[in-house]
Amino acid sequence: MHAETTTRASSLSLVRFDDNDYSVPVDYAYHEILAKGYVHRVVLCHKDTMVAEHVRSWGKEGVFFDYRHYLGLLERKPVP
C-alpha cells in the first residue's frame, strides 16, 4: 500500500511530497512527476519510467538531494 500524488519538478529539480522535497535528475526539471510514497521509500516517476528513489523522511520541511541527479548540469557548465 502506498500514497500517490502528481506534481511538477521545480527549477531546482525538486519534487514536493508529504511536506519534503526530493531531487530528480536535472533533465526532469519542470516535468510532471508521479510521487509514490511507501513506508520506507519515495519513488519518483515520469510517465512510466522511475527517475529517482529516496529513503522516505517522516519529518517535515526536509530537502533530500542525490548528487548524481546534478552531475549532468555540472558537466555542461563551462569552467572559467
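Some values worked out for this structure:
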read-out	value
Any pair with Cβ under 6 angstrom, 6 or more apart, that starts in region 7-22 at a residue that is without any contact (Cβ under 8 Å) to a residue 60 or more places away in the chain and surrounded by fewer than 20 Cβ atoms within 10 Å (Cβ to Cβ) and ends at one that is part of a loop (DSSP other than H, G, I, E, B) and of a type in the set (A, V, I, L, M)	S11/A29
Unique residue being buried (at least 16 other Cβ atoms within 10 Å of the Cβ) and basic (K, R) when the list is K60, K47, K36	K36
Selection count, region 36-80, where residues are charged (D, E, K, R) and in contact with a Pro (Cβ under 9 Å, 6 or more places away or on another chain)	2
Test: residue in region 14-26 that is closer than 21 Å to L74 by Cβ and either among the hydroxyl-bearing types (S, T, Y) or more than 10 Å from the chain's Cα centre (by Cα) (or both)	yes
In region 42-80, the residues that are acidic (D, E), farther than 12 Å from S23 by Cα and either within 11 Å of the chain's Cα centre (by Cα) or at pLDDT below 95 (or both)	D48, E75
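The values are calculated or read from the model by the stated rules, or taken from the named source; none is laboratory data. Since the structure is predicted, the reported quantities are computational estimates derived from the model, not experimental observations. Cβ sites come from the backbone with ideal geometry, for glycine too, and all protein chains shown count toward neighbours.
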